[in-house]
Every structure is written in C-alpha cells, then in structure tokens.
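Peer 1: Take this structure, written in structure tokens, and hold onto it; I'll ask about it next.
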Amino acid sequence: MDFPAFPDAPPLLTPEEKKELSQPSCSISRYKAILEEKTAAYDDLFHALYPIEKLVKGLAAVYDEALQAAWTAKGLAQESNMSLLAVGGYGRSELHPKSDIDLLILLDDNASPESEKIESFITFLWDINLDVGHSVRTVTQCTEMAAHDITIITNLIESRTLIGPDDLLANLKLNIDVDHMWDGHTFYKAKIAEQKHRHAKYQNTAYNLEPNLKECPGGLRDMQVIDWVAKRHLHTHRLSALIDKNFLSEDEYIQLKGAVGHLWRIRWALHMIAGRKEDRLLFDHQRTLSKVFGFEDDDLKRNVERFMQGYYQSVAAIQQLNDLLLQHFEESFLLIDEEDTIEIINERFQICNGQLEATSPSLFQDTPSAMLEMYVLRGNNEKIRSIRANTMRQLRDSLDLVDDEFRTNPQNTDFFLDIISSRYRLTSTLRSMKHIGLLGRYLPEFGAIIGQMQHDLFHIYTVDAHTLQLVENLRRLWLPESKQKFPISTQAMRHIPKPELLYIAGLYHDIAKGRGGDHSELGCVDAQAFCERHRLPKRDTDLVVWLVRNHLFMSVTAQRKDISDPEVIWEFASYVKDQEHLDYLFILTVADINATNPTMWNSWRASLMRQLYLETKRALRRGLDYPIDADMQSDEHKQRALEIIIERNVDIMDAENVWNKIEEEYFIRSNGEEIAWNTEAILRHRPSEKPLVAISPLGGRNFSGASKVFIYTKNNKHLFAVTATLFEQLGFTILDAKISNTTDNYTLDSFVVMDINDNETSLHLDKERITFIRETLTEQLDNPSLYESVIQRYTPRILKIFNSPATAHFVSQPEEVWSAIEVTAPDRPGLLALIGQLFMNQNIMLHKAKIATLGERVEDTFYVTEEDGRLITDPERMNTICTLLKEKIDRFSQAMD
C-alpha cells in the first residue's frame with residue numbers, strides 16, 4: 001500500500017503573505033481569502049490522514065501569524081506597554097477549524113492605550129469572520145480576578161504572548177504563581193469540583209447516544225483537567241513529563257495520546273461538516289462522520305454503530321486514565337502530609353487513610369481471585385472511600401488472568417454474587433469494574449455490549465450505560481426520597497424476598513442487544529448460563545430467566561393495550577400468575593423505563609403502570625378462576641361515582657338521568673372518579689350549542705404534567721379531527737382518547753394531553769389557555785372548512801433523521817366491540833390530526849385511541865366502527881383503509897421533512 005508523502009510541517013503564511021497582511025491597506029476580503037485558502041489546505045491534509053496533532057498545532061500557528069499581522073496593520077505593534085495574548089485552548093496552541101479564538105489584550109498598569117485602535121482591531125477580526133472572545137485588562141486587574149475565579153486562573157496558566165512585550169506576561173505569571181494564589185491543593189480541589197459538576201450535567205456517563213466530545217465524561221476536557229493540575233502542581237509543560245515523575249507509564253501515555261488524537265480527528269471532521277464550532281455528536285452528524293472515517297457499507301445503521309464504538313473506546317480510555325491520575329494526584333498532593341492510619345483487613349488488603357490497597361505489589365498475579373475480593377470488601381465496608389491508584393493499576397495489568405478457568409472458579413462466582421449483594425455502593429462498584437475492564441472480562445457477554453449503540457430516540461444511552469443506570473434506579477428505590485416519585489415501587493421493593501435477583505435480571509435484560517433477533521429470547525440463554533455457573537437454586541434461576549424474557553411485557557401491555565378492559569387485565573394476570581412475579585416485573589419495568597431516557601417517565605406512563613399493577617394485584621387476590629366481567633366492572637365504577645357525588649351534594653336522580661343516556665362501554669372504561677367528574681360538569685353545564693370543555697390534572701396532585709380534557713357536545717364526525725388539529729396548534733400531544741355516545745346524539749370525549757415542550761406543566765393551571773381552547777373548539781366545530789389543512793408545525797431536527805415507512809393493519813380483540821387498527825409511523829407533528837381527518841373522510845367512527853410514542857416512532861391503536869356502529873370486517877374495506885393510511889402518512893412524513 002502506498003502512503004501519501006506528507007510535508008514535514010503543514011503550510012503557514014508565506015513571507016509575502018505576512019507582509020501583505022501587515023499593511024494597513026490590506027482589505028478584509030484579502031484576509032478572508034488567505035485564511036480560507038490555508039484552512040482548505042489543512043482540510044485536504046486531514047483527508048489525506050496527516051497527523052492530527054500537527055494539524056491542530058499548525059492551524060493555531062497560521063492564525064498566530066494572521067493576528068500578528070492584523071495587530072501590526074492596526075498600528076498596535078509599536079505600543080511598548082501592551083501585548084496580545086492567546087489564552088484558553090488557543091493558548092495551548094491548539095486550534096480546530098471553527099474553534100473559538102480567545103484573546104487577552106494585556107496592559108501595563110500605567111498604560112494609556114488608544115481605545116479606538118483596540119476597538120478597530122477587534123472589529124476587524126469580527127469582520128474577517130473570526131470567532132473571537134476577548135478581554136482588555138491590566139496586569140493588576142488580571143491578578144485580582146484570577147485570585148477569585150478558577151476559570152480565569154486556568155485560562156491564564158495557558159496563556160502565551162502572540163505579539164508585544166514578553167515582560168508583561170512574565171510579570172503576570174509571577175503574580176499568579178502557585179506561591180501567591182491557588183496553591184496546588186486548592187486548585188486541585190476546585191478542578192475536581194468543577195469536573196464533578198460538569199459530569200453531572202451529562203448524567204455522569206460517557207455513553208450518551210448524542211455525546212458532547214468535549215464536555216462529557218471521558219471527553220477532551222477530562223484530559224485537560226489532568227494537564228491543568230499537572231501544570232499547577234508539578235510545573236510541567238507537557239503531558240509526557242508525567243512519565244518522568246512516575247505518574248504515567250509509557251503505555252498509558254501512548255494510550256492517552258491515541259485516544260485524544262482520535263477525538264481531535266472527530267472534532268476536526270465535525271467542524272468541517274457543521275461549518276461552525278460544534279462539539280455534539282448529533283445523530284445526523286454521526287451518519288456523515290461514519291463515512292469520513294471509512295465506514296461505507298450498505299448498512300447505514302451498522303456504519304454509525306461501528307464509528308461510535310470507536311469513539312466510546314477512546315472516551316473510555318480517557319476516563320479510565322483520568323480516574324487513575326486524579327486518584328494518584330490526590331494521594332500525592334492532598335494526603336501526603338497525613339499521618340498514615342492503617343487498618344489491616346486480611347493478609348491481602350488493608351485500608352490506608354480510607355483507601356483500600358493491596359498489601360503486595362504482585363497480589364493479583366499471585367492470587368487472581370483477589371481482583372473480585374477487592375470489590376466485595378469495597379461494597380461491604382462503609383469506611384472505604386476509594387481504591388488506591390497503584391492497586392487499580394495492578395488490577396488493570398492483571399486482567400489477562402481473567403479467563404474461563406477464572407470465571408468458573410467457585411470462589412470467584414461466590415465473590416461475584418457477594419458483589420451483587422453488596423450493602424454499599426453497588427452501582428459505583430459495577431461502574432468501576434466496567435471502567436477498569438474487569439466487568440467485561442468476567443462477563444464477556446457484558447463486554448460485548450460496552451459501547452453498543454441503540455440507534456433510536458427511545459434510548460439515550462448505550463446498552464451498557466443504560467443497564468448500569470437501571471441497576472442504579474433499582475438501588476435508589478431503597479432511599480426514602482424515592483417514596484414520593486415511586487410510591488408503589490418502593491413499597492413493592494421492600495416485599496420482594498431477594499432483591500439481588502432483580503439486579504441480575506437488570507444486568508441481563510438487554511445483554512443480547514446488537515446480535516439480531518429477539519434480544520429478550522437470546523438474553524434468556526445468557527441469563528440461564530449465568531445462574532447455572534453461579535449455582536443459583538432452580539427457582540431463582542427460573543425467576544431471573546422469566547424476568548429477562550418478559551422485561552418488556554408490562555410496559556407494552558400498559559402502553560399499547562386497553563387496560564380498562566377486564567379481559568386484558570385477566571390475560572395479563574394469568575400470564576404473571578402470582579404476586580411475587582408481578583412485584584419483580586413491576587419494579588424492573590419502572591427502573592427500565594426511567595433508565596432509557598429521563599423524559600420517558602411522566603405522569604401518564606406512571607398512571608398507566610400504576611393502574612395495570614393495581615388492577616392485576618386485585619385480579620390475583622380475587623383469583624384467576626373468578627375474573628371480573630364487564631358488567632361487574634361497570635357496576636363497581638358506577639357505585640364509586642355515586643359515593644363521590646353524594647359527598648358533593650349532587651342529586652342522585654339527576655346523575656342517573658345523565659347516565660341512562662350514555663352507552664355502557666363508557667362506564668366499563670372510565671373509573672368512578674372520572675365518571676363523577678364528568679357527571680358534575682354535565683349537570684353544571686347550561687344547555688347551549690357550545691361544547692362543554694373541562695380540564696383536570698391527571699391523577700391528582702401527585703402526578704404533574706399530563707392533563708385530562710373532557711368535551712361534551714353534539715355528536716359530529718368532525719370532532720376528533722378538529723380536536724387533534726387544535727391540540728397540535730396549541731403545542732399539545734394526545735396520549736389517550738376515549739369517545740362515547742349518548743342516546744340523544746351527544747358525545748363524551750375524554751383526552752389525556754401533555755405539553756410537547758414541558759412534561760411538568762399541567763394544562764389545567766393555565767386559565768387563559770383553557771378559555772382559548774373552549775373558544776377555538778367552538779369555532780372549529782362550527783366551521784369545519786377552517787381545519788381542512790393539517791397544521792404544518794416545525795418538525796424537530798432530531799425527528800427528521802429517522803424516517804421509515806408507515807405500517808397499518810387490523811388486529812383481533814378479546815371482545816370485538818370495535819375493530820382495532822394498529823398504526824406504526826415516524827413521529828411527526830400533526831400526524832394524529834391527519835389520521836383523524838382520514839377517518840372522517842372515510843366515514844369511520846373513532847371510539848378510542850391508544851397513543852404510544854416510543855422515541856422517534858409512534859405505535860398507536862385506534863378502535864373504530866363504521867359510521868352506523870357496525871364492525872369493519874370486510875377484507876377489501878380493511879385493505880383500502882390500511883393502504884390509504886400508509887400512503888397518506890408516508891407522503892405527510894416526507895413533506896414535513
């Protein structure tokens with residue numbers, strides 16, 4: 001293979017160009033042309049695989065020369081008491097194509113600069129399209145500000161003079177030296193606090209699906225933290241100096257440089273693709289980047305996954321070395337003056353000043369099982385704050401001893417079960433084991449999902465990060481603060497006999513992702529093998545395997561089936577069989593949903609899960625041989641509604657007169673509280689042509705976000721299409737819909753809606769909005785022509801990336817009261833309104849809708865009849881409806897994009 005012949009150094013400005021740019025007469029367009037030409041040359045070298053470090057340094061040098069020339073052209077070069085400094089990342093002589101250029105104009109304390117010249121210089125830089133951040137300060141001002149601001153002192157540590165007297169910066173660096181401010185201890189603590197805060201903004205994981213390659217854990221900023229602390233405390237000027245000071249090994253340095261170089265190449269390409277400063281690896285950029293980095297198979301999704309796995313490997317390496325080095329720094333800087341307090345645990349381990357350490361430098365080579373024993377000790381001893389850096393290094397260097405013999409050793413399997421049953425810090429222990437590489441070695445099936453993407457919007461983490469987040473969610477259910485948000489889950493958690501079985505099921509629930517096929521079924525094989533290798537009793541093994549196989553069953557039932565139907569509840573209860581299985585599955589499901597995406601758990605999903613759990617619990621108590629039928633459920637709901645309206649002094653006869661006109665299905669599928677609320681609203685409503693619109697929070701005070709909207713009006717086939725369009729216009733998404741009719745041609749429509757942009761604000765809190773909804777609904781129902789065109793709201797950027805053909809088909813129901821159509825389609829604003837209009841045009845009556853938005857797609861079920869109430873059973877008619885749905889949705893999705 002022929003490799004390109006690279007120049008020894010990337011191109012800088014020629015002497016002629018420097019001379020030209022230094023002239024006051026040089027035009028803005030000429031500056032732009034030269035810089036664009038140089039940047040394009042650097043981009044060509046990038047595509048030719050020129051070493052990225054030379055490109056980053058070289059581009060910074062090009063802009064150094066351009067800024068020096070501009071400074072001279074603006075008449076500032078002759079100023080003897082003023083310097084132009086590069087600070088921040090640019091101060092490190094690192095520059096990517098669209099990075100910020102941070103400048104400091106440093107003045108002598110006695111300087112009287114010509115502000116017009118400085119303003120002209122900065123304006124000129126903006127005019128030539130440089131993204132410049134600047135400040136103008138004296139040496140004293142910089143000193144005073146640096147003493148109180150960690151960001152300023154950090155930027156100044158990395159400052160360098162571009163042009164002007166060198167002694168100004170020299171004096172400043174003397175003033176801000178470690179002997180005068182921010183001693184090594186204080187600076188270290190401040191940077192650690194800063195890093196913890198930054199990591200928390202990204203959920204403390206490097207494995208987000210749209211990560212920020214600069215700010216996320218394991219990103220470029222983590223490497224810079226190492227550099228900053230070393231510069232401040234060890235007075236090093238290059239990372240390689242840490243090798244001489246025994247903080248880094250040669251191999252670690254090579255690994256770190258390789259990982260940083262990889263992220264630099266991604267960042268350079270990202271700036272080229274975006275045409276601006278961009279550090280977020282957004283889905284649409286990932287697709288283009290995968291091609292830039294040579295992944296060009298026909299399978300686009302696989303290309304993205306392979307590219308992102310390379311990214312995750314690099315951030316994992318940086319994160320691991322960041323953890324090790326900062327731990328090493330802490331031991332060297334903060335604890336060096338402490339008198340050692342040593343507590344011997346056993347012949348292999350001791351606690352030194354709260355840190356666990358091996359008693360022998362060859363412990364893990366001599367006793368490989370100690371690698372797991374160490375984490376058992378950490379998880380069961382509250383005194384252990386951390387593990388010493390040298391012990392972690394020793395463990396990492398011994399990982400090749402974790403082989404099949406190690407994995408089947410009964411002592412090791414017992415140790416791992418002890419870890420799973422840890423009293424303290426289970427999640428942080430598993431994360432530490434993952435970061436150092438032990439977890440993926442001990443469980444190769446888990447190692448296979450590290451960095452495994454889930455190319456959808458339902459999940460925002462990689463499979464491994466999602467899995468450990470699920471385990472953390474399970475552990476949090478033991479905390480008192482979880483009771484308010486998860487009252488049923490926390491109660492159920494305290495009743496299950498073996499929580500460790502939940503943790504094992506959590507580890508294995510998505511273990512087969514990325515292999516193709518049904519990951520739930522494939523995961524059962526791995527879960528079974530794990531349980532047998534760890535010698536779990538058959539009953540426990542069966543439960544873990546059952547949970548892995550069915551971990552999606554409860555959420556699918558709650559979100560996609562009609563759980564107000566007694567038959568659905570009986571079928572679900574028959575499958576679950578007993579309270580123990582129900583509790584385990586419920587807890588696992590709640591933890592799983594909350595680990596996919598923080599926005600997925602809202603008041604609507606919470607209410608669905610609560611309803612399914614409580615109704616199933618009730619069915620199990622009653623006995624599966626005695627299922628509740630529809631009539632019995634209707635009577636129970638009516639009885640509960642009567643109790644409520646009696647308490648509120650509503651006349652029973654008036655209520656029953658209202659009820660006598662409503663079809664029985666309404667009482668089967670509406671609980672007592674809802675029936676009472678609807679009845680009171682109808683009785684208070686004055687007879688008129690205007691519809692009744694009532695708003696209520698979903699589930700009372702404990703559930704914010706979703707709201708119930710009740711409409712009572714003359715029957716009209718336009719109603720659902722109008723209402724769906726209106727909610728789209730108002731920025732609401734419909735989560736659930738129920739339509740019931742009366743004998744006097746009225747309709748009772750109940751909608752559950754949520755603000756698209758705010759999951760926490762309930763509609764009922766906004767009286768002006770309620771008034772507007774009522775007035776607009778009246779107008780729209782009286783003037784159907786006003787909504788013939790579905791509202792064309794902007795489609796969010798992230799939804800445009802995911803587009804797949806719609807599907808539509810009729811499905812059979814336990815009790816065929818209505819015909820059911822399942823529709824799967826890309827999520828687009830206005831979709832539900834479009835479907836409502838199609839039903840209207842096809843003379844289809846909608847009785848109920850089950851809306852499920854799963855990331856980038858919707859999976860909705862519509863319960864319908866012909867306009868006269870007949871079931872839709874004719875195959876030709878069914879095919880026509882489904883074909884029309886698919887065609888209209890596909891055209892609509894493409895038009896919205």
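Peer 1: Size of region 339-442 along its principal axes in angstrom, Cα-based, largest extent first?
Peer 2: Extents along the principal axes, in whole Å: 42, 28, 23.
Peer 1: Here is a follow-up. Taking the beta-carbon count within 10 Å as an exposure proxy, list ARG276, ARG560, ARG610 from fewest neighbours to most. Present the calculation step by step, with values, prior to reporting the outcome.
Peer 2: On the way: ARG276 10, ARG560 16, ARG610 19.
Listing ARG276, ARG560, ARG610 from fewest to most nearby Cβ atoms yields ARG276, ARG560, ARG610.
Peer 1: Related question: Hey, with R₀ at 30 Å, roughly what FRET efficiency would ASP403 and TYR253 work out to, going by the Cβ-Cβ distance, to 0.05? Present the calculation step by step, with values, prior to reporting the outcome.
Peer 2: Details: r = 28 Å, r/R0 = 0.94.
After rounding, the FRET efficiency stands at 0.60.
Peer 1: Relative to the compact-globule scaling 2.2 N^0.38 Å, provide the ratio for the alpha-carbon radius of gyration of region 201-337. Kindly include the intermediate steps, with their values, before the conclusion.
Peer 2: Values: Rg = 16.6 Å, N = 137, 2.2 N^0.38 = 14.3 Å.
Relative to the rule-of-thumb radius for its length, region 201-337 sits at 1.16.
Peer 1: Separate question: Which parts of region 377-391 would a label at ILE342 reach, counting a residue when its backbone N lies under 19 Å from a point 7 Å out along Cα-to-Cβ?
Peer 2: Under cut-off, by backbone N: 384-391.
Peer 1: Would you list the P(r) distribution for region 15-182, with all Cα-Cα distances sorted into 10 Å bins from 0 and each bin expressed as a whole %?
Peer 2: 10, 37, 34, 15, 3, 0
Peer 1: Take HIS197 and ARG238, extend 7 Å from each Cα along the Cα→Cβ direction, and tell me the distance between the two endpoints in nm.
Peer 2: Output for this residue pair reads 3.4 nm.
Peer 1: Still on this structure: Order by neighbour count: PHE720, PHE187, fewest other Cβ atoms within 10 Å first, most last. If you can, show how the numbers build up before the last one.
Peer 2: Numbers: PHE720 28, PHE187 22.
Ordered by Cβ neighbours within 10 Å, fewest first: PHE187, PHE720.
Peer 1: Hey, another quick one. Assuming R0 = 22 Å, can you tell me the calculated FRET efficiency for the pair ASP629 and SER812, based on Cβ-Cβ distance, to the nearest 0.05? Walk me through the numbers on the way to the answer.
Peer 2: Working: r = 20 Å, r/R0 = 0.89.
The formula returns an efficiency of 0.65 here.
Peer 1: Could you let me know the centre-to-centre spacing of region 550-610 and region 639-678, using Cα atoms, in angstrom?
Peer 2: Each part reduced to its Cα centre gives a spacing of 28 Å.
Peer 1: Could you tell me the distance between the Cα centroids of region 118-154 and region 65-80, to the nearest Å?
Peer 2: Cα centroid of region 118-154 versus Cα centroid of region 65-80: 16 Å apart.
Peer 1: Do any chymotrypsin sites (Phe, Trp or Tyr not before Pro) in region 456-557 lie in a loop, going by DSSP, with at most 15 other beta-carbon atoms within 10 Å of their beta carbon, and if so which?
Peer 2: On the way: sites: PHE458, TYR461, TRP478, TYR503, TYR508, PHE530, TRP546, PHE553; in loops: PHE458, TRP478.
Here the sparse-neighbourhood loop sites are PHE458, TRP478.
Peer 1: Something else about it: Say each of THR140 and LEU884 gets a label point 7 Å from the Cα, pointing the same way as Cα to Cβ; how far apart are those two points in nm?
Peer 2: Placing both labels 7 Å along Cα→Cβ, they lie 8.2 nm apart.
Peer 1: Ok, one more. May I ask you to compute the full-extension gain from ARG533 to ASN843, defined as 0.36 nm times their residue separation minus their alpha-carbon distance, rounded to one decimal in nm? Show your work: numbers first, answer last.
Peer 2: On the way: separation 310, 0.36 × 310 = 111.60 nm, distance 6.05 nm.
Gain on extension, ARG533 to ASN843, equals 105.6 nm.
Peer 1: Once a ≥ b ≥ c are taken as the square roots of the eigenvalues of the Cα gyration tensor of region 445-622, is the result rounded (a/c under 1.5), prolate (a/b larger than b/c) or oblate (a/b not larger than b/c)? Numbers along the way, then the final one.
Peer 2: Numbers: a/c = 1.44, a/b = 1.25, b/c = 1.15.
It comes out rounded by the Cα gyration axes.
Peer 1: Then there's this: Lysines within cross-link reach of LYS708: Cα-Cα under 27 Å, excluding same-chain residues under 8 positions apart?
Peer 2: Qualifying lysines at Cα under 27 Å: LYS483, LYS485, LYS561, LYS617, LYS638, LYS661, LYS690, LYS717, LYS738, LYS767, LYS848, LYS850.
Peer 1: For the residues HIS233, HIS262, what sequence is obtained by ranking on other C-beta atoms within 10 Å, fewest first?
Peer 2: Working: HIS233 17, HIS262 20.
Ascending number of Cβ neighbours within 10 Å: HIS233, HIS262.
Peer 1: Sort 666-674, 877-885 by the packing proxy (mean of other Cβ within 10 Å over each peptide's residues), most packed first. Let's see the in-between values first.
Peer 2: Numbers: 666-674: 19.9, 877-885: 15.8.
Ranked from most to least packed, the peptides come out as 666-674, 877-885.
Peer 1: Starting from the Cα-Cα distance between GLU210 and SER120, subtract it from 0.36 nm times their residue separation and give me the gain in nm to one decimal.
Peer 2: Full extension from GLU210 to SER120 adds 28.4 nm.
Peer 1: For region 485-590, rounded, prolate or oblate, judged on the Cα gyration tensor with a ≥ b ≥ c (square roots of eigenvalues), a/c < 1.5 rounded, else prolate if a/b > b/c? List each step's numbers first, then the result.
Peer 2: Details: a/c = 1.84, a/b = 1.31, b/c = 1.40.
Taking the square roots of the gyration eigenvalues as a ≥ b ≥ c, region 485-590 is oblate.
Peer 1: Further, regarding this structure: Given R₀ = 41 Å, FRET efficiency for VAL525-GLN484 by Cβ-Cβ distance, to 0.05?
Peer 2: Values: r = 39 Å, r/R0 = 0.95.
Efficiency, from the Cβ-Cβ distance: 0.55.
Peer 1: In nanometres, what is the gap between the two model label sites at LYS245 and ARG560, each 7 Å from Cα along Cα-to-Cβ?
Peer 2: A separation of 5.7 nm, rounded to one decimal place.
Peer 1: Suppose the chain between ASN715 and ASN597 were pulled fully straight at 0.36 nm per residue; how much longer would it get relative to their current alpha carbon spacing?
Peer 2: Contour length minus the Cα-Cα distance gives 38.5 nm.
Throughout, read-outs are computed from the coordinates displayed, never taken from laboratory work. These figures come from a predicted structure and were not determined experimentally. All Cβ positions, glycine included, derive from the backbone under ideal geometry; neighbour counts span all protein chains shown.
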